[in-house]
1. For the modelled label position 7 Å from the Cα of A222 along Cα-to-Cβ, which residues of the range 1-33 have backbone nitrogen atoms closer than 13 Å?
2. Dipole of the range 5-232, Cα-centred, from +1 at each Lys and Arg C-beta and -1 at each Asp and Glu C-beta, to the nearest 20 debye?
3. Quick one: which residues, 5+ away or cross-chain, put their amide H under 5 Å from the amide H of T30? H built at 1.01 Å from N.
4. Quick one: Karplus J couplings for the range 219-228, per residue in order, coefficients 6.51, -1.76, 1.60, θ = phi - 60°, nearest Hz, x for Gly and Pro?
5. So how far apart, in nm, are the two label points at W6 and R166 if each is 7 Å from Cα heading toward Cβ?
6. So what are the ³J(HN,Hα) numbers for the range 49-62, from phi and the Karplus equation (6.51, -1.76, 1.60; θ = phi - 60°), rounded to whole Hz, Gly and Pro as x?
7. Treat each spin label as a single point 7 Å out from the Cα along the C-beta direction, and report the I231 to V36 distance in nm.
Amino acid sequence: MDYQVWFVLGVLLGNGVGCLLAVFCLVRMTDQGRTVRNRLLLVLVGSWALVETARDDMLFVAATAIHMSDYQVHFLLAPSMVLTVFAVLFTTAVFWLAATRPRPLWTVGGGTAVGLLLGAMSLQAAHAGRTGSAVSIDLVNSLVIAAGLGAATGVSVWLGTGATRRSAIATAVTLLAICLTIAQYRIAGEVTTDPSITVDSDAGIDPIQLGVFTAVAFGVRAIALTVMSMIDESRPEPLVEQVGGRDSR
């Protein structure tokens, strides 16, 4: 592993924007004063933000932090694209249940399920690299890392869903972004290559193209956060400190 501090900070920033967008949606999606269409949009955007962030930032980690002996590494993205569609649909269903039933059982349980899915997305993205040598991942250790990410996501979703205290919102964003970044680098550390087994590495996109892809994805994430904030600013501000509210945790 080759940890470059600027790359790590970049991944943390990317995860932070995605997690901020997701928590922004979690805070508002339980508001019964909103239309069903508006709440469904929040759920969908929040789901996409988490899944897309986990996949694309993991790809960036794989391209910049995994030491490959073959510099002709390519990344095959087609499988992750298909998995992303199903992951967004699953996360949307989970968040909608949490939005309509904002109780700890649903928010913690649903958030943990989503966190496990994010771990699976990261695992698949890390395995998307193709070199002249066979690539493998320590599955047991990776599953343990995914389980830890699931627990952290469960807590973050519980804190963020319908939150009214800024401290709870800040904690949810920070915890989720840091844990996701740690999980991505830990999963990347479980990737190894076997030079004794040669494979075709021509399929997929090269690291430069992948860098452009992940940069565009980050830009879309940031634009989505800006647009959602602008759309929502005309509504009553939900981030109000309330004594004795749901977030006196």
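Every number in this text was worked out from the coordinates using simple rules, so none of it is lab data. Because the structure is predicted, anything quoted here is derived from the model rather than measured. Don't worry about glycine lacking a Cβ; one is built from the backbone with ideal geometry, like all the others, and counts go over all protein chains shown.
1. Label zone hits: 10-11, 13-18.
2. For the range 5-232, the charge dipole is close to 1220 debye.
3. Correct list: G162.
4. Rounded to whole hertz, the list is x, 5, 4, 5, 5, 4, 5, 5, 5, 4.
5. Going by the 7 Å Cα→Cβ label model, 3.3 nm.
6. Ordered by residue, 3J(HN,Hα) equals 4, 5, 5, 5, 5, 4, 6, 6, 6, 5, 4, 5, 4, 4 Hz.
7. A separation of 1.8 nm, rounded to one decimal place.
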